[in-house]
Amino acid sequence: MKTVNLEQVAACYEQRAAALQRRIIICGGTGCLANGAMKVRAAIISELEKVGLHTVVSLQEEPGQGEPARTYFSKSGCQGFCQMGPILRIEPEGIFYGRVKPEDAPEIVATTILGGEVIDRLCFVNPATGKRAHYENQIDFYTRQNRIVLKNCTIDPEDVDEYIHTGGYFGARKALLEMTPEQVCQCVLEAGLRGRGGGGFPTGLKWKLTLASQNDKKYVICNGDEGDPGAFMDRSVMEGNPHAVLEGMMIAGRAIGADEGVVYVRTEYPLAVARMRQAVEVAQRNGLLGEDLFGSGFNFSVRIMEGAGAFVCGEETALIASIEGKRGMPMPKPPFPAQCGLYGKPTVINNVETLASVPYILREGPATYRAVGTEKSPGTKTFALTGHVANTGLIEVPFGTTLREIVYNIGGGVTNNDGKVTGEDFKAVQIGGPSGGCLTPAMLDMPIDFDSLKSAGAMVGSGGLVVMNKQTCMVKIARFFMQFTQNESCGKCVPCREGTRQMLSLLDDIIEGRATLDTLALLEQVAKAVQLGSLCGLGKTAPNPVLSTLRYFRHEYESHVVKKVCPAGECKALARPAIDAGKCRGCTACVRVCPVGAISGALKQPHVIDPEKCIKCGACKAACRFAAISGI
């Protein structure tokens with residue numbers, strides 16, 4: 001079996017990279033690829049060839065003797081700032097260009113590559129201050145993060161040599177050659193790493209329990225079945241740093257005595273699947289997976305399995321059933337997978353981000369890892385920041401970071417429905433997806449960690465952060481997540497199967513004007529019953545969005561029920577139609593299309609709607625060119 005010399009690989013890569021004058025990096029994450037990143041890459045390479053600049057797209061081969069200084073054009077994983085895609089970075093200057101198009105290629109080559117000047121129109125502009133940033137280190141979205149897991153998402157995800165050059169597989173080699181399984185477990189336990197899939201269980205303790213189970217066969221499973229709406233953290237790590245996931249699995253295998261691993265990825269992530277498969281093949285070819293790794297006598301293999309996209313398969317026993325070819329449905333615990341998991345053998349299951357954190361801990365040591373974050377929640381956490389916020393994308397911050405820092409400094413502030421940052425529109429953040437809860441303005445200075453969120457009736461979950469402005473109806477938000485969990489319920493247990501259906505029906509009654517105060521009492525009662533009686537985590541956490549919005553926004557529910565009015569004007573059955581006098585130009589377009597004569601007003605004067613006559617057909621809103629009509 002081939003034994004890889006990590007130092008030699010790193011030195012050779014350094015030598016090849018040193019021969020290059022400049023590096024251009026195009027973001028190769030799913031979002032940028034969908035926006036045409038590869039077309040941008042092809043256009044720039046074509047322009048470089050036209051002016052006689054030799055360009056390479058791979059450093060796998062040694063540079064030829066006597067060749068002129070060359071440009072290396074590589075792709076990366078997701079660089080995080082998704083709304084700015086396609087993203088182009090030019091090194092060594094650190095120039096950051098966003099929303100680049102193929103037709104920008106001639107100007108980029110002539111002005112920046114040859115002329116050494118920055119193109120202002122391609123640079124990021126802070127929406128709150130209007131300040132333009134030429135370089136990545138001038139953008140708060142990046143500078144206020146602390147990237148550990150996402151750090152290597154800027155390297156070429158398909159180049160194992162570059163991963164090794166950044167320190168990759170050194171942690172695995174240390175675990176195999178210098179540490180016992182017990183020491184590996186203890187190292188991760190001392191680091192305080194907690195599961196990033198939502199539960200927050202200590203990873204080292206989980207490994208110790210699995211190590212203690214006596215069996216001649218054990219498994220490591222990487223849970224890549226990320227299903228929360230708006231969440232794409234695990235997907236981005238698999239796409240951008242797949243070897244960190246494999247290295248983490250290898251270390252976990254050493255810790256528990258497993259020789260086989262399975263990466264379970266939902267089939268809706270084709271790029272993540274492709275890059276994980278490619279990483280496995282490359283690792284096997286280079287002696288980083290297989291038999292007698294690093295001459296230690298330790299064997300470890302990995303296979304990739306695609307899941308069908310059922311949200312419930314994120315639950316570990318349902319995931320195991322799916323891998324075994326059964327229907328993905330949870331099983332009662334105990335026994336826990338640490339004792340009886342895949343094919344009845346002891347199994348450790350960790351999510352993608354948890355495993356990708358492990359190599360750093362082994363390489364740098366537990367104390368270095370614990371230096372970031374809080375005492376009970378060490379390290380960093382990745383979040384998908386979306387919703388009514390100026391800067392959306394993938395971020396990584398230390399536990400203990402406040403919500404204010406994330407929303408206003410990294411996120412750039414809350415936007416209104418016109419997309420403008422006003423500084424006064426923040427209403428709530430939904431954290432943790434369908435399993436999480438809402439955080440209010442009173443919690444803006446609360447540190448984000450496992451324990452503080454639990455006390456607030458929320459949870460970290462997989463890491464979705466959806467920011468909402470004051471024009472958002474919290475009842476509709478609760479209904480959105482309840483619709484999702486009801487659809488995704490596997491139906492095995494009655495509390496989840498029937499309880500989520502009843503909660504959804506009660507929420508429909510509320511937003512459609514059929515509810516009473518008794519409806520709110522019944523909704524809360526059913527939610528608590530589902531929380532207590534469901535078999536798995538999906539059912540137990542499904543009521544969280546309902547209970548948290550009832551806790552913090554009960555006045556909105558009561559307005560729907562008692563006043564029959566949706567304060568945000570989003571629930572069509574309860575919204576009062578109105579015309580904004582500041583926007584109305586008195587063009588009479590709405591008057592001409594109203595079928596019941598509910599609109600009146602003189603030419604070039606603000607019009608009004610009679611809510612008693614209005615049938616909310618929407619004809620006036622469609623005809624208005626000034627977005628002056630609301631409540632319909």
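Here are the numbers for this structure:
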quantity: Residue 16 vs. criteria surrounded by fewer than 22 Cβ atoms within 10 Å (Cβ to Cβ), closer than 28 Å to residue 283 by Cα and either assigned by TED's automatic domain parsing to the domain that holds residue 287 or among the basic types (Lys, Arg) (or both); calculated: yes
quantity: Criterion violated by residue 210 - all others in (1) polar (S, T, N, Q); (2) part of a helix (DSSP H, G or I); (3) surrounded by fewer than 24 Cβ atoms within 10 Å (Cβ to Cβ) satisfied; calculated: (3)
quantity: Residue within the stretch 320-327 that is touching a Pro at 6+ places or on another chain (Cβ under 6 Å), over 17 Å from residue 252 (Cα atoms) and in a helix (DSSP H, G or I) present; calculated: no
quantity: Meets criteria (within 18 Å of residue 13 (Cβ to Cβ) and in contact with a helix residue (DSSP H, G or I) (Cβ under 9 Å, 6 or more places away or on another chain)) for residue 152; calculated: yes
quantity: Filter result for residue 549 (crowded, with 19+ Cβ neighbours inside 10 Å and in contact (Cβ under 8 Å) with a residue 40 or more places away in the chain); calculated: yes
quantity: Helices (runs of 4 or more DSSP H) lying entirely in the stretch 510-586 (those with 2 or more residues that are touching a helix residue (DSSP H, G or I) at 6+ places or on another chain (Cβ under 7 Å) and more than 30 Å from residue 316 (Cα to Cα)); calculated: 517-533, 554-558
quantity: Complete set of residues in the stretch 484-498 that are out of contact with any helix residue (DSSP H, G or I) (no Cβ under 8 Å at 6 or more places or on another chain) and outside any helix (DSSP H, G or I); calculated: 492
quantity: Checklist (1) surrounded by 20 or more Cβ atoms within 10 Å (Cβ to Cβ); (2) of a type in the set (Gly, Ala, Ser); (3) touching a residue at least 24 places away in the same chain (Cβ under 8 Å) applied to residue 578, failing item; calculated: (1)
quantity: Tally, over the stretch 468-483, of residues that are under 20 Å from residue 439 (Cα atoms) and in contact with a helix residue (DSSP H, G or I) (Cβ under 9 Å, 6 or more places away or on another chain); calculated: 11
quantity: Unique residue being crowded, with 18+ Cβ neighbours inside 10 Å, touching a Leu at 6+ places or on another chain (Cβ under 9 Å), not aromatic (Phe, Trp, Tyr) and not in a loop (DSSP other than H, G, I, E, B) when the list is 100, 109; calculated: 109
quantity: Strands (runs of 3 or more DSSP E) within the stretch 368-451 that include 3 or more residues within 20 Å of residue 551 (Cβ to Cβ); calculated: 426-431, 437-439
quantity: Test: residue in the stretch 75-86 that is part of a strand (DSSP E or B) and either at pLDDT below 90 or within 24 Å of residue 410 (Cβ to Cβ) (or both); calculated: yes
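The values are calculated or read from the model by the stated rules, or taken from the named source; none is laboratory data. All of these numbers come straight from a predicted model, not from anything done at the bench. Here the Cβ is made from the backbone with ideal geometry for all residues, glycine too, and neighbour counts use every protein chain on show.
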